[in-house]
Amino acid sequence: MSRCALVLWLSVCFACAADFQAANQPTPEYLELEASFHNPAEGWTALFNGRDLSGWRPQDYAPRPQRPWDWKAPVLVALDPMNDEALVHAPPDGATPVAMLNNPEGKSANLVSEREYADVELFVEYAMPRHTNAGVCLMGNYEIQLYDSVGVADRDLSVTDNGAIYAYRGAKGRFGGSPPRVNASRGPGEWQSVHIWFRAPRFGPDGKKVENARFLRVELNGVEVQRDYELLYATRAIPPWEERAQAPLLLQGDHGPVAFRNIWIRPLPAEK
C-alpha cells in the first residue's frame, strides 16, 4: 500500500471511530438563543448557510505567501480518537449541525465575510483540538483569541488564552490586550461559543478617527470574560486593512485546525 493510500485509509478509520452525532450537538448557549436567531423580528442574519462557503472569501495575504482556499463545508467534525491535536470530519447525516473546517495542518486562508459591518452583536460556535489557536476578528482588525486553555488557572490567564482580547503589536513586541476574567474554556474537540457586543470606531468628515472601537461585552461559553474594553488600534500582527467605519468580519484559519458553525450577526441593539 502506498503512503498516500495508507494515510487516506487511516483517516477513514479514524473518522469511522469518531462519534460524530455525539460530538456535534448544539451548545447550551445556542439553544438559549435559537428562537431569537430564527425570528425575523430579532434582526439576526446567518453567515454560514450550512451548505457551502457562500458569503465568504479568502484573505489576501500580501506580502506573505497566500494560504490555500481549501475549507471543507458542510461537514461533521470530531476530535481525532488517535490524536487530540487533530480534528477528523465526515459527511453530513441530515440531522446533526454541520460546520466548515480548515485543512488538517490548520493553514487555510482566513475567512473574510463579503459583507461589511460596523456596530454588531455576533455569535459564533467553534471547535478546536489541543494546542491550537484561532481568532474571531471584528472588522478584521480587533481579535478575540480562541485557544486551547483547558487547565489554565484563572490567575495565570494571559492575552493569548481563550476569550482574551489580543495584544497590540509594537516596535518592541506585544503589549496591552485583556486576559479573560475567568477560564470558561471547554475541552479539545468540544463545541464552544463566543458571544460579542462590539462598537465600531468613529471617523470625522476629514476621515480621521475621532473615537476608538470597543468590545462592550464578550461571553465565552455563556460566561462574561470581557467588559467595555477600548481598542486603541488593530490587534493584528499585520492588519488586513486600515481601520475604517465599516469592514468585514474575519475568522482565523491559518494558526491551527479549527471548525466554525452557527455564525449569527445583527446590528447592535440600542440598549447594548
So PRO257, is it touching a residue at least 60 places away in the same chain (Cβ under 8 Å), in contact with a Gly (Cβ under 6 Å, 6 or more places away or on another chain) and in a loop (DSSP other than H, G, I, E, B): yes
In segment 16-71, residue modelled with the lowest pLDDT [restricted to those that are in a loop (DSSP other than H, G, I, E, B) and of a type in the set (Phe, Trp, Tyr)]: TYR61
ARG261 vs. criteria of a type in the set (Lys, Arg) and crowded, with 21+ Cβ neighbours inside 10 Å: yes
Only listed residue being under 16 Å from LEU138 (Cβ atoms), of a type in the set (D, E, K, R) and either part of a loop (DSSP other than H, G, I, E, B) or modelled with pLDDT under 95 (or both), chosen from ARG244, ARG169, ARG266: ARG244
Test: residue in segment 57-66 that is at positive phi and either of a type outside the set (Lys, Arg) or surrounded by 12 or more Cβ atoms within 10 Å (Cβ to Cβ) (or both): no
Residue count for segment 196-222, restricted to those that are surrounded by fewer than 16 Cβ atoms within 10 Å (Cβ to Cβ) and within 22 Å of the chain's Cα centre (by Cα): 1
Residue identified as assigned to a loop (DSSP other than H, G, I, E, B), surrounded by 21 or more Cβ atoms within 10 Å (Cβ to Cβ) and at pLDDT 95 or above among GLY163, GLY135: GLY163
Enumeration of residues in segment 149-187 that are aliphatic (A, V, I, L, M) and over 17 Å from ARG236 (Cβ atoms): VAL150, VAL152, ALA153, LEU157, VAL182, ALA184
CYS4, sole failed condition from (1) out of contact with any Phe, Trp or Tyr (no Cβ under 7 Å at 6 or more places or on another chain); (2) at pLDDT 90 or above; (3) of a type outside the set (Gly, Ala, Ser): (2)
Residue in segment 200-211 that is modelled with pLDDT of 95 or more, in contact with a His (Cβ under 9 Å, 6 or more places away or on another chain) and assigned to a strand (DSSP E or B) present: no
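The values are calculated or read from the model by the stated rules, or taken from the named source; none is laboratory data. Treat the numbers as computed from the prediction; the structure is a model and nothing was measured. Don't worry about glycine lacking a Cβ; one is built from the backbone with ideal geometry, like all the others, and counts go over all protein chains shown.
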